[in-house]
1. With unit charges on the beta carbon (Lys/Arg positive, Asp/Glu negative), name the residue among V254, L231, L192 whose Cα is farthest towards the positive pole of the charge dipole of the chain.
2. Compute the angle between helix 2-25 and the longest alpha-carbon principal axis of the chain, please, reported from 0 to 90 degrees and rounded to the nearest 10.
3. To the nearest 10 degrees, how steep is helix 248-265 against the longest Cα principal axis of the chain, on a 0 to 90 scale?
4. Among V85, F15, L143, which residue has its Cα furthest toward the positive end of the charge dipole of the chain, with +1 on Lys/Arg Cβ and -1 on Asp/Glu Cβ?
5. Roughly speaking, what is the centre-to-centre gap between segment 82-119 and segment 225-251 when only Cα atoms are used, to the nearest Å?
6. Suppose every Lys and Arg Cβ carries +1 and every Asp and Glu Cβ carries -1, with no other charges. What dipole size does the chain come out with about its Cα centre, to the nearest 20 debye?
7. Rolling a 1.4 angstrom probe over the protein heavy atoms, how many square angstrom per residue are accessible across the chain?
8. Based on the Kirkwood radius over alpha-carbon pairs, what is the Stokes-Einstein translational diffusion coefficient of segment 104-199 at 10 °C with 1.306 mPa s viscosity, in µm²/s?
Amino acid sequence: MLSTFFVNVCVMITFMYVSGIIAKFYRIRVPFPSMRAQMIGGLLFGIYGTVLMNYSFPLNETTIVDLRHLAIVTAAVYLGGLASVISGLVISILRIVMFGMSSAAIDAAFVMTIIGLSGVYFAYAPWSRLTKIITMNLLGMTLIFVILMLNTSSMNSLMKVYPLQMTISFVGGIFIYFIAEFINKSNEMMFLLERRASTDHLTNLSNRRQFEKSLELELERAREYKQKLSLLVIDIDRFKKVNDTFGHTSGDAVLKQLGQLLIQHARSADIVSRNGGEEFAILLLDCGHNQAMAIAESIRQSVEKYHFALPDGNTIRLTISIGVAVFPDHCDDRDDNDFFEQADRALYEAKNTGRNRVCAIPLRSVTLSGQSPF
């Protein structure tokens with residue numbers, strides 16, 4: 001009997017480890033995963049609970065004892081109310097399917113369903129995860145005790161099993177908590193490191209490394225679907241003067257505000273990045289030459305009118321220069337580097353012809369089949 005409950009705990013811990021790997025692979029973040037993640041997680045934990053039934057201790061011909069309720073508790077605390085309900089229903093249905101229809105099976109299914117429904121409250125209760133696990137575990141064991149009493153003729157035989165089940169359930173819940181917390185923190189650290197590797201620390205935009213990956217991916221997509229792809233390369237005019245006059249802290253404040261302005265004027269699907277220093281870039285997806293020029297001019301005018309707030313309470317006004325290139329109109333279709341180089345050339349032209357302007361080099365004769373350059 002002790003070995004049965006010990007195996008239950010070991011199996012559940014193994015499932016927690018597997019779930020941690022899945023969460024890492026699919027970038028599932030707790031405590032607020034998406035509804036889809038809750039549905040998948042609820043199904044998985046329902047299966048976990050069902051597996052635990054195969055390592056149960058028979059109390060009599062129709063009643064089995066195990067720790068399947070811990071799967072529901074874990075789903076509720078670490079995934080959410082929907083996951084709790086789904087896992088409870090899966091365990092309830094499979095209890096009857098696998099072990100046959102009986103009054104004990106129906107009672108057990110009813111209890112698992114109630115525990116799953118109670119998880120909706122526990123999932124969003126303003127308590128610590130440890131408190132939720134302990135409280136929900138105690139509730140589950142109380143309901144299980146009532147059902148065992150109803151389906152057991154001998155109280156003596158029940159009391160030979162239940163205290164051990166209660167003890168192992170409590171200890172197992174604590175073990176699961178610490179393992180789940182370790183997995184959770186490890187995954188969050190990995191997500192944070194990945195974000196830092198792809199995000200500019202100052203503006204929270206994509207950094208140069210992520211921009212290059214996005215550029216390569218979107219160029220490949222534009223080739224595949226015969227779409228236009230526009231690139232804006234943006235540089236703040238005379239930004240060194242801002243740092244020299246007001247200090248680098250003020251310069252950083254300007255960069256942050258400009259990053260937000262660019263996000264506001266870009267479309268939701270577009271990719272905005274800071275490529276270093278005062279240079280920014282925007283990838284305009286499925287966007288032709290005329291539209292790209294209009295967006296770039298709108299950004300230029302907005303920046304020119306904007307009052308950038310400095311940490312000392314003063315405001316300053318700045319201008320930007322923008323170079324525009326369109327794939328494949330401005331570049332070699334087979335050379336990814338040429339696309340950025342043409343936008344960079346256009347930026348230098350804007351700088352050399354007076355700044356505070358939008359420039360694009362002349363369109364090449366190579367266009368997509370059946371499409372105009374515009």
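1. Selected residue: L192.
2. 10
3. 80
4. L143
5. 59
6. On the way: 34 positive and 32 negative charges, 144 e Å.
That gives the chain a dipole magnitude of about 700 debye.
7. Details: 18380 Å² over 374 residues.
Value returned for the chain: 49 Å² of accessible area per residue.
8. Numbers: Rh = 15.8 Å.
Value of D from the Cα-based Kirkwood radius: 101 µm²/s.
The values are calculated or read from the model by the stated rules, or taken from the named source; none is laboratory data. Please read these numbers as outputs of a predicted model, since none were measured by experiment. Cβ coordinates were reconstructed from backbone atoms using ideal geometry, including for glycine residues, and neighbour counts include every protein chain displayed. These area figures cover heavy atoms from the full protein model, side chains too; ligands, DNA and RNA do not enter into them. Shrake-Rupley method; radii C 1.70, N 1.55, O 1.52, S 1.80 Å.
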